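So the structure is just underneath, and the comments pick up after that.
We did not get these values from a lab; they are worked out from the coordinates using the rules stated. All figures in this text were calculated on a predicted structure; none of them were measured in a lab. Positions of Cβ are backbone-derived with ideal geometry, glycine not excepted, and every protein chain shown enters the neighbour counts.
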Amino acid sequence: MSNLYERYIIMYINELLIEDKITKSIGYVSIENTKITDVSAANLGIHEFIIDDSNTDAYLAEVLPLLDNSIVVFYSADEQLPLLNSILESSGYNHFNGLYLDLRRTLPVFTNSTNTGEQHLSHLELMVQIFWHQYNYLKELPILVIQKLIEVYNSIEDIAIKGYLLNIENEKMQELGATTLASDSVAFSQLVLKKKVITEVEEHNIGLNDLLNFFQNPNREKILNDFEARPQQQKMLEHVHTALKENKHLLVEAGTGTGKTLAYLLPLLYFSLTNEKRVVVATNTVLLQKQIFERDIPLLQKIYKIPFNVAIFKGRGRYLCLRKLINQLANDKGNSTKKSDLLATIIVWLCKTETGEGEELQLKDNKDWQQISSDSETCLNKKCYCFSYCYYHFAKEKANHANLIITNHSLVFSDIKTDHQILPAYKHIVFDEAHHLENEATKHLGTRIQYHDIKQCLTYLYRDIKNGALPKAMDYIRLLLTQGNVEYGDILEILNQLIKQTMELTLAFDDCMLEVRQWILSHQKEQYEYNESIRFTTKLRTDFTKQDLFSNVTTQLKLINTLMEDLEKAIHNYDELDYQLSEYVNNVLMQKRLLQQFEKDLQFFFSKHEDDKYVYWFEIGSNHSYKKLCFNAVPIYIGEILNEKLFDKKSSCILTSATLAIRGSFKYAMKKFGLDVISERVMSLELDSPFDYKEQCLVCIPTNIPSIKDEGVFINNACKLIIKLLSITDGKTLLLFTSNRMLASFHSNLKQGLATTDIKVLAQNIDSNNRSKLLEEFFESKKAILLGSNSFWEGVDMPGDALTNLFIIKLPFWPPNMPIVEARTEQLEKEQKNSFMEYALPEAIIRFKQGFGRLIRTKTDRGIVVIFDRRVIDSKYGSFFIKALPGPTVRAVSENELFNEISEWNQS
Ligand code: SF4
């Protein structure tokens, strides 16, 4: 076969310093294509030589003929090729223009492996192993996949990769049954997918006593590694069981170490199995979802010893849309090497993935994923030709068959908002991380209109004369007309009008947004500034209404929505619509619901009369670009809605978190969730901590630190104190802030003050915006401090020595001019209530408890907390913060005493 290449030359060129002179060495291993059966550098023979004036020609004479009809394999061609060329050039040869593979590029593409052993790659032997691993990985793939990969690289004329794949295809063709797929795979649209199976569970019969006995079982440690009996866990288990049985809601505050996940999972699953009812667990983070699925469910399987179905169901955007991918493969391949590599990665991944969840792919650029992920606006549901293979719909179907669904808060509220179109019906649910419930519900049950979303929808319809759903549909109809299919003339006419209308609307919308931006800037006053948020008050609304900025956009939106209706009616008039045409028209109609929603949302946001149960605000990016404009309207008090849409409809909701109660009372949580009006249906439980906080944690408040009111002096003094403290605590410190501005000031001060030490300073939004990356770097550094604001007050989980000090710089009150905070405060004051005591303080205490909880994660952890905000000792309310803590040793001391206290503590 002419396309086949005879051999692979695995080559590594090194620069060496010999007798003060930089010289080069070449090492290579030659592998005949026909003999790739047992590749190891040892039995292939490594050829290695140092280049010097006397021997270059002789060695090159040996190597160069080998390069003919070969594929050279480099690790990082960017670095190696120039070195090879400089050797060739110095001996009077032309630059290398043969075929080469770059392992650094191909490994992540073909094997989804980022662990390339890079640090050791000076060893040619290791390169051979890596090449061998990749070759084998590809050889194990079905031949259909290899052929699809060849097709992808065909279009960019990547001859080396194509040659490499052709060699593999050829070798596979020699195998018996080369074209037969494994029994767990299926071919669809020239792709190979894993078959998806849902197993039904049989009926079973277990008793609660079996379950409770489990906790008395002396062998339980053997059953569950690291399992230890905790009275708190048993108490919670019994309460959850009662709440489920008696159709009650339950609030449980269970701190770290109580084993709360098993304490709700065990009775929940028991309830599901014995009552044949579907149950749901909703977490706030995907991380906890994953942890429950991978860590706790296998434990449950060990305990129950009977089969049950568990499904993990995530947000739609996390699943691949096969239809979008197939469209891309048909239309966009060959644009660039980057695109071809991306498509190749997905093709290989497809034959391995059972879930179709993009997370498994670990793509660097989220935009790439957004283009192929499922979304409700573009999904054709049952009309889609990929429906039977669709990952999202399979996950949904799996959830339908599950005893237990593990999902997230966001999906639960999206389901409520869409009148239960997403999750299968359920009556019993556990909300873990329930302190997020108010925020999540507020976010989902409100309205958010972003410039970007509307613009994306319009561009999807019409990008330019050739691109977009409308021009593509028009082109196809024109083709049909030339073939004599005159009956589609009316559709063509509507599409034509839709194009004009989309263009009109795009222009009107951009003009309007520019004017709105101007209007916002002219009304922006200092008191409205919070993260570039400007509250849309009644006064501003009156002025805005007079300007009538939106009338043109509203008119255009109405017209486009009418045309969409006309298009839908027109296609329904055809008994048999050309299949391809119906695909094109469906692509257009996908945006109908979205456009209607925009019309409705804009009307609501800019209505002359506001709904006084809502707070409205504009968001404008830091650079004040109209492209970052966003309009928000959310309920001021979510309790009423939660009650109506959730607690009233469900038989039992279990809300659990480490921070729900304030000094043993759930009054604040009950009010905020709207449970106070149905208190007869609500149980509550606060569990003691299994940790000995008195012994494990020392809390210090320096008494001579200046007040935070004088910010400049405070920052200066606090930084000096922190630097001194770090000299005795050796880093491993998390500093918690409430604003990015103050964090930045501390960062520059500390960076300067610690410049001569070996303590690394890491800061959120300065060193990285990526929280996980920062935490990883902090964890890996021997001596580091990490400065974090909002999101770092929770979810940081570093047991042991990784984190031994926590510095709370400021008490975590929400900024009073944040629109939602301002509106809630006003509302309480209208009701003649003390907004500080009834809202600002309890919110701050709950966040403070969250922050405090970062330090002690296991029974053996020990650590120090320093609170730099002297309001905790000076103000009337300060003691509430300390009393809310789970009993650590607390010292309010002068600076000198502080050092003694800490030294003594460290030695005790
Ligand atoms: S059913 Fe929807 S999400 Fe699934 S492949 Fe089709 S369009 Fe994509």
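Size descriptors for the chain, from the alpha-carbon set: Rg then Dmax equal 32.2, 96 Å. In order along segment 750-762, the phi-based Karplus estimate (6.51 cos²θ - 1.76 cosθ + 1.60, θ = phi - 60°) of 3J(HN,Hα) comes to 5, 4, 5, x, 9, 4, 8, 9, 9, 8, 8, 9, 10 Hz; Gly and Pro are listed as x.
Which net charge results when you count Lys and Arg as +1 and Asp and Glu as -1 among the other residues whose beta-carbon is under 11 Å from that of Arg891? Walk me through the numbers on the way to the answer.
Details: positive: none; negative: Glu897, Glu901, Glu904.
Within the 11 Å Cβ shell, the charges total -3.
Can you give the relative contact order of segment 693-907 as a percent, counting alpha carbon pairs under 8 Å and 6+ residues apart? Rounded, it is 36 percent for segment 693-907. Using C-alpha pairs under 8 Å with a sequence gap of at least 6, the mean separation divided by the residue count of segment 448-635 gives a relative contact order of 35 percent.
Simple rule: put +1 on each Lys or Arg Cβ and -1 on each Asp or Glu Cβ in the chain, find the dipole, and look at Ala661, Ile13, Leu498; the Cα lying farthest toward the positive end is Ala661. Taking 13 Å as the straight-line reach from the Cα of Lys849, the aspartates and glutamates in range (excluding those fewer than 8 positions away in the same chain) are Glu253, Glu794.
Dipole magnitude for the chain: about 2800 debye, using +1 per Lys or Arg Cβ and -1 per Asp or Glu Cβ, origin at the Cα centre. For the peptides 646-657, 661-672, the ranking by packing is 646-657, 661-672, with the highest mean count of neighbouring Cβ atoms within 10 Å listed first.
Entry note, the chain: the mean residue ellipticity at 222 nm calculated from DSSP H runs of n ≥ 4, each adding -39500 (n - 2.57), is -14000 deg cm²/dmol after division by the residues and rounding to the nearest 500.
For segment 742-891, what value does the Rg/Rh ratio take when both radii are computed over Cα atoms and Rh is the Kirkwood radius, given to two decimals? Let's see the in-between values first.
Working: Rg = 17.2 Å, Rh = 17.1 Å.
My calculation of the ratio gives 1.00.
A cut-off of 5 Å between modelled amide H atoms, ignoring neighbours fewer than 5 places along the same chain, links Lys760 with Lys783, Ala784, Ile785. Classify segment 311-369: rounded, prolate or oblate, from the alpha-carbon gyration tensor (a ≥ b ≥ c, eigenvalue square roots; a/c under 1.5 rounded; otherwise prolate if a/b is larger than b/c)? It is prolate, given that a/c is not under 1.5 and a/b is the larger ratio.
Within straight-line reach of Lys608, meaning a Cα separation under 12 Å, sit the following aspartates and glutamates at least 8 residues removed in sequence or on another chain: Asp543, Asp548. Cross-link check: pairs Lys472/Lys628; Lys324/Lys650; Lys162/Lys352; Lys324/Lys417 evaluated at a Cα-Cα cut-off of 32 Å; pairs beyond the cut-off: Lys324/Lys650. Farthest towards the positive end of the charge dipole of the chain, among the residues Leu363, Thr353, Ile867, is the Cα of Ile867, using unit charges on the Cβ of Lys, Arg, Asp and Glu.
With a cut-off of 8 Å between alpha carbons and a minimum separation of six or more residues, what is the relative contact order of the chain in percent? Each step should come with its number before you reach the end.
Values: 1358 pairs, mean separation 106.5, N = 908.
Dividing the mean separation by the residue count of the chain yields 12 percent.
Judged by the gyration tensor of its Cα atoms, with axes a ≥ b ≥ c, segment 370-432 is prolate; a/c meets the 1.5 cut and a/b is the larger of a/b and b/c.
Between their Cα atoms, which of Lys245/Lys305; Lys148/Lys339; Lys667/Lys833 are more than 19 Å away from each other? It would help to have the intermediate numbers written out before the result.
Values: Lys245/Lys305 23 Å; Lys148/Lys339 14 Å; Lys667/Lys833 15 Å.
Too far apart for the 19 Å limit: Lys245/Lys305.
Going by C-beta contacts inside 10 Å, put Tyr28, Tyr877 in order with the fewest on the left. Let's see the in-between values first.
Numbers: Tyr28 22, Tyr877 15.
Ranking Tyr28, Tyr877 by Cβ neighbours within 10 Å, fewest first, gives Tyr877, Tyr28.
Counting only residues at least eight positions apart within a chain, or on another chain, the aspartates and glutamates with an alpha carbon under 12 Å from that of Lys782 are Asp730, Asp758, Asp801.
Please get the size of the charge dipole for segment 448-635, origin at its Cα centre, with Cβ charges of +1 on Lys and Arg and -1 on Asp and Glu, quoted in debye to the nearest 20.
On the way: 22 positive and 28 negative charges, 137 e Å.
Approximately 660 debye in magnitude.
Between Gln497 and Arg463, residue separation times 0.36 nm minus the direct Cα-Cα distance comes to 10.7 nm. Here's how it looks for Ala282: its modeled amide H is under 5 Å from those of Thr407, Val430, Phe431, Asp432, which are all 5 or more places away or on a different chain.
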